[in-house]
């Protein structure tokens, strides 16, 4: 089955839309196939502001409808306490909210951007998707991440080469409580590194310390900007370290 066939058979659907490579292409493909699709973007403290900006920009580019839902993910103690299966509980909260909003709009089918390259063993949240009967057309159609990037490039979507970006909660160690303050510190620190030209990196929180992970090709730039980085990140962290084994 290809995506056109999928959307012929499933012509009305709500798309969980994050503004990332996969969900962007899925929303585009549904709209291009002539299906009645609406993207649902969930705004929470786990998503940095640039993700919402990218999502709205992409929706405008392809002329797709998008609805914004605000979810207080930290209201769920199982999410806030950050156990090993935090992603499962978070997905339940997020997709439960999408399903409720979509049902009010007349949609019974919920789609997400999981692709054929995603390893279910590495994504505990996929259990929540199964339980909530969320379908993943990209995966069902055998589309890998590389294929989706190429198709997105051919379609002229600016997201085609967007780096993968896991939610801010992944920067905090499993078992350490997640707070809005910790997430804000992470977002501000990563925004600062973005402003200096760094790409595809993470600022991991280790208690009161920060562990920066960047591609090895950017080490020289890091050393050039070392004093600026230390001055800024010391606003939030006691100690700043560079992970030399990250990549």
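What follows is calculated from the coordinates using simple rules that are stated; it is not laboratory data. Predicted model, so just to flag it, every value in this text is computed and none were measured. Methodologically, a virtual Cβ is constructed for each residue, glycine included, from the backbone with ideal geometry; neighbour enumeration extends over all protein chains shown.
A compact table of results
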{"item": "C-alpha long axis of helix 49-62 to longest principal axis of the chain, angle in °", "result": "30"}
{"item": "200, 54 arranged by Cβ crowding within 10 Å, fewest neighbours leading", "result": "200, 54"}
{"item": "Percentage relative contact order, the chain, counting C-alpha pairs under 8 Å, at least six apart", "result": "18"}
{"item": "Sequence of 87, 141 once ranked by neighbouring C-beta atoms within 10 Å, starting from the fewest", "result": "141, 87"}
{"item": "Shape of segment 179-242, Cα gyration tensor, a/c cut at 1.5", "result": "prolate"}
{"item": "Segment 179-242: relative contact order as a whole-number percent, Cα under 8 Å and 6+ apart", "result": "33"}
{"item": "R0 of 41 Å, Cβ-Cβ distance residue 36-residue 196: FRET efficiency to nearest 0.05", "result": "0.40"}
{"item": "Label-point gap, in nm, between residue 145 and residue 68 - each point 7 angstrom along Cα→Cβ", "result": "2.9"}
{"item": "Cα gyration tensor shape of segment 118-207, rounded if a/c is under 1.5, else prolate or oblate by comparing a/b with b/c", "result": "oblate"}
{"item": "Value of [θ]222 nm, deg cm²/dmol, for the chain, DSSP H segments ≥ 4, -39500 (n - 2.57) each, nearest 500", "result": "-13000 deg cm²/dmol"}
{"item": "Those residues of segment 152-185 whose amide nitrogen sits under 15 Å from the label point placed on residue 49, 7 Å along Cα→Cβ", "result": "184-185"}
{"item": "Burial ordering of 24, 152, 5, fewest other beta-carbon atoms within 10 Å first", "result": "5, 152, 24"}
{"item": "At R0 = 45 Å, FRET efficiency that the Cβ-Cβ distance of residue 8 and residue 84 yields, to 0.05", "result": "0.65"}
{"item": "Descending principal axes extents, the chain, alpha-carbon based, whole Å", "result": "56, 41, 31"}
{"item": "Approximate spin-label separation residue 76-residue 132, in nm, with each point projected 7 Å along Cα-to-Cβ", "result": "0.7"}
{"item": "Projected label distance in nm at residue 223 and residue 166, using a 7 Å step from Cα toward the beta-carbon", "result": "2.9"}
